Amino acid sequence: MAEELIIKGETREERYHSLIPQIKALCEGEKDLIANLANISAALKNGLNFLWCGFYLVKGDELVLGPFQGPVACTRIRLGSGVCGNSWKEKKAIIVPDVDQYPGHITCSSLSKSEIAVPVMKNGQVLAVIDIDSEVLNDFSAVDQKYLEELAKLIADFYVQ
Ligand code: SME
């Protein structure tokens, strides 16, 4: 289970717990959205060791690929399409234990087995979606959701459209 996974001598919850303040400090004093999202992707990828960590940004009626770390990914996703498009449409986090069982899942890498998508929201509007893919089945839990929602709030504070 995700809670028991040990990364660099810490549980995943402990990793998030130390990572979120580091990310906050990293973004403080920097106004550029892409620079901040690029560093956050790197911090998530290196800190938590997932297959793919990154962002899709709401641009008009589509999500467009933003900063990420991991294998190449699809560039545009429509509202209600795939995990990210549904997270955007439903304005909520979606945990997919097995991507092969998710209707309409958009496959970017055959190595991806499970996924979590979390919307970045401001004033009830979705600005972007945080997307993380894992090579491990059923790798995401309420722990990931809790910390990624905290991260989404932090991002919403400095997000400029
Ligand atoms: N699987 C996602 C597409 C993005 S990639 O995983 C990076 C989806 O179904 O929306």
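Here are the numbers for the structure shown:
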| read-out | value |
| --- | --- |
| In nm, spacing of pseudo-spin labels at LEU111 and LYS59 (7 Å Cα→C-beta vector) | 2.6 |
| Distance between modelled label sites at THR11 and ASP157, nm, 7 Å Cα→Cβ extension | 2.6 |
| Contour excess over end-to-end distance, with Cα ends at ARG76 and ASP98 and 0.36 nm allotted per residue | 5.7 nm |
| Highest average packing first - 100-106, 36-42, Cβ atoms within 10 Å | 36-42, 100-106 |
| Taking only Cα atoms of the chain, radius of gyration then Dmax in Å | 14.4, 43 |
| Sparse-neighbour loop sites [GluC sites (Glu not before Pro); the range 72-146; at most 16 other C-beta within 10 Å; DSSP] | GLU135 |
| Computed lengthening from LEU26 to GLU135, 0.36 nm per intervening residue step minus Cα-Cα distance | 36.5 nm |
| In the range 67-133, the trypsin sites (Lys or Arg not before Pro) that fall in loop regions by DSSP, at most 15 other Cβ within 10 Å | LYS91, LYS92 |
| CYS74 accessible area, assembled protein chains, probe 1.4 Å, Å² | 40 |
| Accessible surface, the chain, averaged per residue in Å² (probe 1.4 Å) | 49 |
| Ellipticity estimate at 222 nm from DSSP helix runs (n ≥ 4, -39,500 (n - 2.57)) divided over the chain, nearest 500 | -11500 deg cm²/dmol |
| Note, ³J(HN,Hα) from phi for the range 98-113, Karplus 6.51, -1.76, 1.60, rounded to Hz, x at Gly and Pro | 9, 4, 5, 9, 8, x, x, 3, 9, 8, 9, 9, 5, 6, 6, 10 |
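The values are calculated or read from the model by the stated rules, or taken from the named source; none is laboratory data. Predicted model only: the values in this text are computed from it and were never measured. FYI the Cβ positions are ideal-geometry reconstructions off the backbone, even for glycines, and counts take in every protein chain you see. These accessible areas exclude ligands, DNA and RNA; they are computed on the full protein's heavy atoms, side chains included. Shrake-Rupley method; radii C 1.70, N 1.55, O 1.52, S 1.80 Å.
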